[in-house]
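In what follows, a single structure is set out as structure tokens and then discussed.
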Amino acid sequence: MKLILFDVDGTLVDSQNVIVASVCGAFHAYGLEPPSRERALSIVGLSLVEAFTVLAGPKAPVEGLAQAYRDAYTVLHRDPVNEAPLFPGAGECIAWLKGRDDVRLGLATGKSRKGVVRLISQQGWEGVFATTQTADDAPSKPHPAMILQAMAAIGVAPEDTLMIGDSSYDMGMARAAGVLPIGVSWGFQPVAALNEAGAHRIVDSYGELEPMLRTFIANLS
């Protein structure tokens, strides 16, 4: 049995616009100058408190900023125009994998469990993921706890586990957990950051990812 874990924002879901708008809303709520778009996206993958610590500094009201972000994000998601689409090929890849009996799927994300439940409902993915690890369940990436908990829940070894993500935090988390880190180039961080964090390979599309996953699944541990 193989376990394939996906990050969400920047890997499965193109949520950059609503994330940037929510970050800006949080900063404005506290009368602070918001970061650039590039900097706002650079922290995607971290849990919110850690993200705002990076963006605003440890002396900033990071707990309040995190809550203001949640509030802004919730308001934005009430308008269907702000619904974040899947990246091209993501839905087809999940559909292909969920039909296999030699694979279990999971999510390992800096999103809250509430956000993950919303995504699963929106996409009709109920019952697809055997394990979902969120910011509510473990320390922030790149701590390996999300992956370690996912492997324990499914009962698989590190050599039978693969993590797919778009950030250096995903790659660092995978390396720390001893699993194979696969980066995607279409996300919110530059490819150079993924390479520096130890990506085993970086793919440019879900079409390129599929044959790599076939090889991983076929390899016996």
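The values are calculated or read from the model by the stated rules, or taken from the named source; none is laboratory data. Bear in mind that the values here come from a model prediction, so they are computed numbers and not experimental data. So basically every Cβ, Gly included, is an ideal-geometry build from the backbone, and we count neighbours across all protein chains shown. Just so you know, the surface numbers come from the protein's heavy atoms only, side chains and all, with ligands and any DNA or RNA stripped out. Shrake-Rupley method; radii C 1.70, N 1.55, O 1.52, S 1.80 Å.
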Need the list of aspartates and glutamates near K59 for cross-linking: C-alpha distance under 19 angstrom, and skip anything on the same chain fewer than eight residues off.
E33, E50
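Could you check how much of the accessible area of the chain is carbon and sulfur, as a whole percent, using a 1.4 Å probe? Working shown, then result.
Details: 5050 of 9590 Å².
Carbon with sulfur: 53 percent of the solvent-accessible area.
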If Lys and Arg each add +1 and Asp and Glu each add -1, what is the summed charge of the other residues whose beta carbon sits under 12 Å from the beta carbon of M212?
-1
Could you name the lysines in cross-link range of K111, using Cα to Cα under 20 Å and dropping any fewer than eight places away on the same chain?
K141
Kindly provide the helix-only [θ] at 222 nm of the chain, computed as the sum of -39,500 (n - 2.57) over DSSP H runs of four or more divided by all residues, to the nearest 500 deg cm²/dmol?
-14000 deg cm²/dmol
Can you give the accessible area per residue of the range 106-194, in Å², using a 1.4 Å probe?
35 Å²
Cα shape, the range 38-90, gyration tensor, a/c 1.5 rule
oblate
Would you look at the GNM of the chain, springs on alpha carbons closer than 10 Å, and say which of K59, K98, K141 moves the most?
K59
Keeping every protein chain present and rolling a 1.4 Å probe, give me the accessible area per residue for the range 1-98 in Å².
45 Å²
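Is the shape of the range 97-221 best called rounded, prolate or oblate, per the rule: a/c under 1.5 gives rounded, else a/b larger than b/c gives prolate, else oblate, with a ≥ b ≥ c the square roots of the Cα gyration tensor eigenvalues? Walk me through the numbers on the way to the answer.
On the way: a/c = 1.25, a/b = 1.09, b/c = 1.15.
Note, shape of the range 97-221 comes out rounded.
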Just one of [x] 32, 23, 17; [y] 25, 20, 18; [z] 29, 18, 16 is semi-axes √(5λ) of the Cα gyration tensor in Å as worked out from the coordinates here. Which one is it?
[z]
